[in-house]
Amino acid sequence: MYLSYLVFVFMKDFYTYTLYVTIFCLAINIILGKLKLISLVWIYKMQKRGETIIGISVIICSRNDLENLKHNLSAILKQDYHTYEVIVVDDCSTDGTLEYLENLSNENPLLKIFRIEKKSSPGKKEALQVGIANAIYPFLLLTDADCSPASIHWIKSHACFADENASVILGYGKYKKEKGFLNMLIRFDTVLIAINYMNQALWRYPYMGVGRNMGYSRDLAV
């Protein structure tokens, strides 16, 4: 009887201590991650403030994303940057995406449209290849149709780092805040993942990035 009680107390304490250790390690990871990211912002601020001159090709691969394009594309076409183009690859859409893009391109010369009539492979790799092959500027910036830039300076923030020494630029893809516990967990997980992969990149051991906010040189892609 006493032995059973002692085992129960031990197991209870073990799980309690494990929980505390996990929370402590998680807190340390977040704090250190934020400190490293703050240092990255400091480096950014210390860079030259002269206007960057590199051209940027924004590439969006879209498949039946008409409503997302209507909601987000205009913000990308209104960026505060002097030399860029927006390439949207219509990946066999059947929801009226092509018609919408064609009408929009008549109003905005920054927008360029390419369509895949018949897919030769699953996924969006083929559409991405089409976008890269038709890009005219030396640096590529990738995002998705369901993503909206945080400000009119989104392209400029990448361009500040896009020079002859930059092969890949990693960005953070914030998850939209909505009501609900699940949304909170997803946003927390998104932040944690971003801290981890950006930390590793700062230590010169990059291992991943998110395709909805990533840039790299065209020479690297072809």
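Worth pointing out:
- Residue identified as among the basic types (Lys, Arg) and touching a residue at least 60 places away in the same chain (Cβ under 8 Å) among Lys112, Lys78, Lys119: Lys78
- Residue in segment 98-118 that is nearest to Val88 (Cα to Cα), counting only those that are within 25 Å of the chain's Cα centre (by Cα) and among the charged types (D, E, K, R): Lys112
- Number of residues in segment 145-162 that are surrounded by fewer than 14 Cβ atoms within 10 Å (Cβ to Cβ) and in contact (Cβ under 8 Å) with a residue 60 or more places away in the chain equals 1.
Residue by residue, here is whether (1) over 21 Å from Ile54 (Cβ atoms); (2) at pLDDT below 85; (3) open to solvent by 70 Å² or more (accessible area, probe 1.4 Å) holds:
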residue: Leu142; (1), (2), (3): no, no, no
residue: Lys179; (1), (2), (3): yes, no, yes
residue: Leu182; (1), (2), (3): yes, no, yes
residue: Ile186; (1), (2), (3): yes, no, no
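- Scan of segment 98-131 for residues that are more than 19 Å from Glu67 (Cα to Cα) and of a type in the set (Val, Ile, Thr), ordered by number: Ile116, Val130
- Among the residues of segment 122-144, those that are in a helix (DSSP H, G or I) and either without any contact (Cβ under 8 Å) to a residue 24 or more places away in the chain or on the phi > 0 side of the Ramachandran plot (or both) comprise Lys125, Gln129.
- Count of segment 209-222 residues, restricted to those that are out of contact with any Asp or Glu (no Cβ under 8 Å at 6 or more places or on another chain) and either closer than 16 Å to Pro149 by Cβ or surrounded by 14 or more Cβ atoms within 10 Å (Cβ to Cβ) (or both), is 9.
- Restricting attention to segment 166-197, the residues being assigned to a helix (DSSP H, G or I) and over 20 Å from Asp144 (Cα atoms) number 8.
The values are calculated or read from the model by the stated rules, or taken from the named source; none is laboratory data. These numbers come from a predicted model, not from an experiment. Heads up, the Cβs are rebuilt from the backbone with ideal geometry, glycines too, and the neighbour counts pull from every protein chain shown. Remember, those area values only see protein heavy atoms, side chains included, never the ligands or the DNA or RNA. Shrake-Rupley method; radii C 1.70, N 1.55, O 1.52, S 1.80 Å.
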